[in-house]
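First comes the structure, then the notes that go with it.
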Amino acid sequence: DVKVTQSSRYLVKRTGEKVFLECVQDMDHENMFWYRQDPGLGLRLIYFSYDVKMKEKGDIPEGYSVSREKKERFSLILESASTNQTSMYLCASTLRDRPVLGYTFGSGTRLTVV
Amino acid sequence: GEDVEQSLFLSVREGDSSVINCTYTDSSSTYLYWYKQEPGAGLQLLTYIFSNMDMKQDQRLTVLLNKKDKHLSLRIADTQTGDSAIYFCAEFLTGGFKTIFGAGTRLFVKA
């Protein structure tokens, strides 16, 4: 069964900490994405990557960075966590040339910053 | 700009049909999708429709696309309690890697 795996389901971090959220996919997908999901706001795109070492800003990149050193792994980094970054974070991946297949999502990481 | 809008809540009785509506703004969309999110889980692709289609049926699911009005709907026949979830409408924009998601419609199914 093809899969996108996020390393943690729940995380609690302190304000100012550096936080790493890891995402791994086993489908050889070129494109990977990080979204945050907040009630009433839906999914907002933070960053995406269409190849190793490539990254593009999404709609809300401030306060975040990403790393894609290997095709299967896409990491989201909160440089200095703040309480307004408390949210559900979703990783997704897709094949570049097959939009009909849609995205495959991980189960999400619920991050609480205290 | 790019935007996908859908109502936030829908409540139906078990056995009735559910209709979830969505409007989008970008006429260059090639694919439109419906995703389902169950509690504590990520989104799962339910179905999609290509922009040159008007309708697509898949078992209990019927997708209708009105391209002139930029309106997409998802009908779930014989709604069951297991259909309780959040349903997201999404559009894939031609020429980019982006898929734009709506805010999601939370479907409540009453027994």
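Hull surface divided by four, with the convex hull built on the Cα atoms of the protein assembly as shown: how many nm²?
Working: hull surface 49.2 nm².
The number I arrive at for the protein assembly as shown is 12.3 nm².
Among residues other than A:THR109 with Cβ under 12 Å from its Cβ, the summed charge is +3 (Lys and Arg +1, Asp and Glu -1).
Could you compute the FRET efficiency for B:ARG60 and B:ASP3, with r as their C-beta to C-beta distance and R0 at 30 Å, rounded to 0.05? Show your work: numbers first, answer last.
Values: r = 29 Å, r/R0 = 0.96.
Taking R0 as 30 Å, the efficiency between B:ARG60 and B:ASP3 is 0.55.
Here's how it looks for A:LYS13: its modeled amide H is under 5 Å from those of A:THR112, A:VAL113, A:VAL114, which are all 5 or more places away or on a different chain.
Please compute the net charge surrounding A:VAL52, taking Lys and Arg as +1 and Asp and Glu as -1 over other residues with Cβ under 15 Å from its Cβ.
Details: positive: A:LYS53, A:LYS55, A:ARG68, A:LYS70, A:LYS71, A:ARG73, A:ARG96; negative: A:ASP28, A:GLU30, A:ASP51, A:GLU56, A:GLU69, A:GLU72.
That works out to +1.
For B:LYS110 and A:ASP38, the FRET efficiency from 1/(1 + (r/R0)^6), where r spans their Cβ atoms and R0 equals 41 Å, is about 0.95. Mind telling me which of A:VAL24, A:VAL66, A:VAL52 comes out most flexible in a GNM of chain A, alpha-carbon contacts under 10 Å? In this elastic network of chain A, the residue with the biggest mean-square fluctuation among A:VAL24, A:VAL66, A:VAL52 is A:VAL52.
Taking the Cα centre of the protein assembly as shown as origin and assigning +1 to Lys and Arg Cβ atoms and -1 to Asp and Glu Cβ atoms, the resulting dipole is close to 340 debye. Of all DSSP beta bridges in chain A, what percent run antiparallel (nearest 5)? Counting only bridges with both partners in chain A, antiparallel ones make up about 90 percent.
Taking trypsin sites (Lys or Arg not before Pro) in DSSP loop conformation with at most 12 other Cβ atoms inside 10 Å as exposed sites, chain A has its longest uninterrupted site-free stretch at A:54-95. From the alpha carbon centroid of the stretch A:14-62 to that of the stretch A:73-103 is 3 Å.
Where nothing but the Cβ of Lys and Arg (+1) and of Asp and Glu (-1) is charged, how large is the charge dipole of chain A around its Cα centre, in debye to the nearest 20?
Working: 17 positive and 15 negative charges, 48 e Å.
The calculation lands at about 220 debye.
Using only side-chain charges placed at the Cβ, +1 for Lys and Arg and -1 for Asp and Glu, the dipole size of chain B relative to its Cα centre rounds to 80 debye.
Each residue of the stretch A:57-68 was assigned a 3J(HN,Hα) from its phi angle through the Karplus expression (A = 6.51, B = -1.76, C = 1.60, θ = phi - 60°), giving 6, x, 8, 9, x, 4, x, 10, 9, 9, 9, 9 Hz with x at Gly and Pro. Couplings for the stretch B:7-18, taken from phi via the Karplus curve 6.51 cos²θ - 1.76 cosθ + 1.60 with θ = phi - 60°, read 5, 8, 9, 8, 10, 9, 8, 4, x, 6, 8, 10 Hz in order; Gly and Pro are left as x.
Each value in this text was obtained by applying a stated rule to the coordinates, not by laboratory testing. Keep in mind that this is a model prediction, so the values were computed, not measured. Because the Cβ atoms are built from the backbone with ideal geometry, glycine has one as well, and the counts that use them run over all protein chains shown.
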